[in-house]
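Visitor: Structure in structure tokens, see below.
The values are calculated or read from the model by the stated rules, or taken from the named source; none is laboratory data. Nothing here was measured: the structure is a model prediction, and the numbers come from that model. Cβ placement follows ideal geometry from the backbone for every residue including glycine, while neighbour counts extend to all protein chains displayed.
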Amino acid sequence: MLNRVLDDSYPEQTRRHIGALTLARLTTNACFRFAPPFFASISDSLHVSLGRLGVAFMITEIVVGLMSLAGGLVDRMNRRTAMVVGLSGVSASTVLAAASQHIVLFAVGVTVLGVAKSIFDMGLNAWVNDHVDYARRGRVVGIIETSWALGLLVGVSVMGLVAAAASWRWGYVFGALTVAAMAVVLTTRLDAHDESRRHESARPEPSPMPRSGLLVVATMGFLMAASQSIFVTFGSWLEDEFDFSSAAIAGVVFGLGAFELVASVTSSRRADLWGKERSTIIGALLIVPSGLLLALLHGHVVPGLVLLGIYLLGFEFSIVCLIPVATNMMPSSPAKGLGYTYTGGMLGRASMSLVATAAYESFGVEAPALIGAGSALCAVGCIAAYRRTSQPR
């Protein structure tokens, strides 16, 4: 179905495989995003506090961020191999997390999950970088990035319903099975040797990351920090302040996924037209007022949920628009450039896994909301500076 969104001006391989690639990424995103909305249930099951679980996630995010620096290795791999290895790792590590009886083993499981997902993402975005010109890449990335929203809208919601019917462990098991199925699909559908990789000698020599690239890395870090500050606390907020059950939280996750899907679709249509850096700024600016208002209206469930949706809509729009900028930062090494950017993002997520959960336990959800708004404002400053220093796209 998704191949119909692209006209004949896009490469045939891109049109033929974009549906399967998007679905594969949906399954990995669902497993990756499953835990934070159900932190309260997971912490109770593992007999640890929310703050201690936040520390565990901080450690895993740091490890995943450092492993993202292996983008140079992914650049040297066949794209299909990188993606299948990543999918296999996500499936196996998700099962490990589901089977864990101690927080340490759970942390190991989600750490490997994050590392494997990074390998898959870098392989996927490098594949897109190989097949689509930068001027039109925003549309393709936007389509694929609907998988981030759909991972929440469909994947986490279904996994949450499984968790409500059984436990969060079975939610993870369900996710692992879907990822394993997509590993088989990509193995059979993608070419063993990418057509674009056969002309390796025509590729430019790898070059170091430009200094301005640090601004892109920092932008990703602040955006991820803004997202994580709310995402690791909103489930606990709804449970503590409004007595939401796991099933009710799954329903909220479904609604949030709808907001994110709107953002992804809009970015696929507008990022190339408006400019990718400018679009990133627009999305990040949307986070700031919604975070401030959420801090003020957190005691009211309906306005709070609407503001939460707008907050995540702004985040999703800005992230999707930033990804093509990251892959083009080092045109001869797209996975390496994206890996550096992912490292910045994971460090942002790691810091907020600790800071936001601790802030929530001390002050309530208003503190993470204010921290997130401030982080988004920092992201605006970084990408605006990059836009001034980079060449017109």
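Visitor: Which members of segment 15-42 meet the condition of being aromatic (Phe, Trp, Tyr) and over 15 Å from the mean Cα position of the chain (by Cα)? Can you show your working first?
Guide: Pass one, segment 15-42, residues aromatic (Phe, Trp, Tyr): 32, 34, 38-39.
Once the filter is applied, which keeps residues that are aromatic (Phe, Trp, Tyr) and over 15 Å from the mean Cα position of the chain (by Cα), segment 15-42 yields PHE38, PHE39.
Visitor: Let me ask something else about it. Just the residues that are touching a helix residue (DSSP H, G or I) at 6+ places or on another chain (Cβ under 7 Å) and modelled with pLDDT under 85, please, taken from segment 270-279.
Guide: ARG270, ALA271, ASP272
Visitor: With the condition being of a type in the set (A, V, I, L, M), more than 23 Å from GLN228 (Cα to Cα) and within 16 Å of the chain's Cα centre (by Cα), I'd like the helices (runs of 4 or more DSSP H) fully within segment 56-137 carrying at least 1 qualifying residues. Reasoning before the result, please.
Guide: Working: elements: 71-76, 79-99, 103-131.
Where helices (runs of 4 or more DSSP H) fall fully within segment 56-137 and carry at least 1 residues being of a type in the set (A, V, I, L, M), more than 23 Å from GLN228 (Cα to Cα) and within 16 Å of the chain's Cα centre (by Cα), they are 79-99, 103-131.
Visitor: Also: Tell me which residues, restricted to segment 322-372, are assigned to a helix (DSSP H, G or I), more than 16 Å from the chain's Cα centre (by Cα) and closer than 19 Å to GLU277 by Cα.
Guide: Correct list: ASN328, PRO334, GLY337.
Visitor: Using beta carbons and a limit of 7 Å, which pairs, at least six apart or on different chains, have the first residue in segment 199-226 and under 18 Å from LEU347 (Cα atoms) and among the polar types (S, T, N, Q) and the second one in a loop (DSSP other than H, G, I, E, B) and at pLDDT 70 or above?
Guide: So the pair list comes out empty.
Visitor: Give GLY291, GLY337, GLY304 a once-over and let me know the one that is at pLDDT below 90 and of a type in the set (Gly, Ala, Ser).
Guide: The conditions single out GLY337.
Visitor: If you don't mind, another one. Hey, could you check segment 138-173 for residues that are in a loop (DSSP other than H, G, I, E, B) and modelled with pLDDT of 85 or more and say which is nearest to PHE39 (Cα to Cα)?
Guide: Step by step, filter segment 138-173, then rank; the result is SER167.
Visitor: Checking SER45 against (1) closer than 20 Å to GLY114 by Cβ; (2) in a helix (DSSP H, G or I); (3) touching a residue at least 40 places away in the same chain (Cβ under 8 Å); (4) over 19 Å from the mean Cα position of the chain (by Cα), which test does it fail?
Guide: Looking at each condition in turn, SER45 falls short on (1).
Visitor: Hey, could you check segment 174-209 for residues that are of a type in the set (S, T, N, Q) and modelled with pLDDT of 70 or more and say which is surrounded by the most Cβ atoms within 10 Å (Cβ to Cβ)?
Guide: If we take residues in segment 174-209 being of a type in the set (S, T, N, Q) and modelled with pLDDT of 70 or more, then THR178 is surrounded by the most Cβ atoms within 10 Å (Cβ to Cβ).
Visitor: Please give the number of the condition THR389 fails out of (1) surrounded by 19 or more Cβ atoms within 10 Å (Cβ to Cβ); (2) closer than 14 Å to VAL216 by Cα; (3) modelled with pLDDT under 90.
Guide: Of everything listed in (1) surrounded by 19 or more Cβ atoms within 10 Å (Cβ to Cβ); (2) closer than 14 Å to VAL216 by Cα; (3) modelled with pLDDT under 90, THR389 misses just condition (1).
Visitor: Is one or more of the residues making up segment 239-247 among the aliphatic types (A, V, I, L, M), at pLDDT 85 or above and assigned to a helix (DSSP H, G or I)?
Guide: no
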